[in-house]
Every structure is written in C-alpha cells, then in structure tokens.
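Colleague: First the structure, then my questions, so here it is.
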Amino acid sequence: MCSIMFEEVSRAMLSFNEPFQADACDVSITSRTQNRSCINSWVELDITLRDMTLVHPIYMCTLNKELFLGGQDLLDRLAPLIDCHQDQLWIQVEVPNPLGASIE
C-alpha cells in the first residue's frame, strides 16, 4: 500500500473510532530502479471482501506510483481468478487459506 492510501485508510479508521498505527519494519526489498528499500512499515489489517474477513499483513511503500499492490501471499490465500481486461478479481475460496499456505 502506498503512503497516500495508508493516510486515507488511517483517516477512515479514525472516523470509525478504530485508529491503528503502523509498525516499523526492516524488510529489504529493492527494485531494479531503486538502490534502497522502499518498504518502511507494516500493519496487520482486517480485510473484508463480501462475506469473508481475513487478517493480513500490509506493507507500506514510500513509492506512490500504485495505490495498492497485492502480493503473492495474499493471492495464495484467496486463490483468485483475475481478469486483467475487465479489471475484475473473483475469489475462489469461502474461507481464506492460512498465511504462508500455497495452493496446489
């Protein structure tokens, strides 16, 4: 999640009287165009998708090019079908897979 989106989510949660704070992290991920890590903090969020809720770690990125990038760990938990032409995602599980589980 980029820092701009994190600020928006933080404001929204505060309006529900449910403030949260990100914790510092030392994840060292760099891209081909960056020589320093752009991940500086993380938060564990309850994410609700229709009737399903899961708790998942979300990492904050200082690069504000994309609002949210879903990682392989989240995809493994949801086993989605992704339609890039229609910008749609269909979740194939009724209960999210455990964090760290891979789908076969």
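The values are calculated or read from the model by the stated rules, or taken from the named source; none is laboratory data. What you see is a predicted model, and the numbers here were worked out from it, not measured in a lab. Quick reminder, even Gly has a Cβ in these numbers, built from the backbone with ideal geometry, and neighbours come from all protein chains shown.
Colleague: Out of all the residues in region 70-98, which are surrounded by 10 or more Cβ atoms within 10 Å (Cβ to Cβ) and of a type in the set (S, T, N, Q)?
Modeller: GLN88, ASN97, listed by residue number.
Colleague: A follow-up question, please. Identify, by number, the condition in (1) at pLDDT 80 or above; (2) on the phi < 0 side of the Ramachandran plot that ALA79 doesn't meet.
Modeller: (2)
Colleague: Would you check which residues across region 51-96 are of a type in the set (Asp, Glu) and in a loop (DSSP other than H, G, I, E, B) and list them?
Modeller: ASP51, GLU66, ASP87, GLU94
Colleague: Something else: Just wondering, is there one or more residues in region 45-56 that are touching a helix residue (DSSP H, G or I) at 6+ places or on another chain (Cβ under 8 Å) and of a type in the set (Val, Ile, Thr)?
Modeller: No, because not a single residue in region 45-56 is touching a helix residue (DSSP H, G or I) at 6+ places or on another chain (Cβ under 8 Å) and of a type in the set (Val, Ile, Thr).
Colleague: When region 47-78 is examined, which residues are found to be among the polar types (S, T, N, Q) and either in contact with a Lys or Arg (Cβ under 7 Å, 6 or more places away or on another chain) or under 14 Å from GLY100 (Cβ atoms) (or both)?
Modeller: GLN72
Colleague: Something else now. Criterion first (among the hydrophobic types (A, V, I, L, M, F, W, C), within 18 Å of GLU7 (Cα to Cα), assigned to a loop (DSSP other than H, G, I, E, B) and out of contact with any helix residue (DSSP H, G or I) (no Cβ under 6 Å at 6 or more places or on another chain)) does LEU99 satisfy it?
Modeller: Considered against the rule, which asks whether it is among the hydrophobic types (A, V, I, L, M, F, W, C), within 18 Å of GLU7 (Cα to Cα), assigned to a loop (DSSP other than H, G, I, E, B) and out of contact with any helix residue (DSSP H, G or I) (no Cβ under 6 Å at 6 or more places or on another chain), LEU99 comes out as no.
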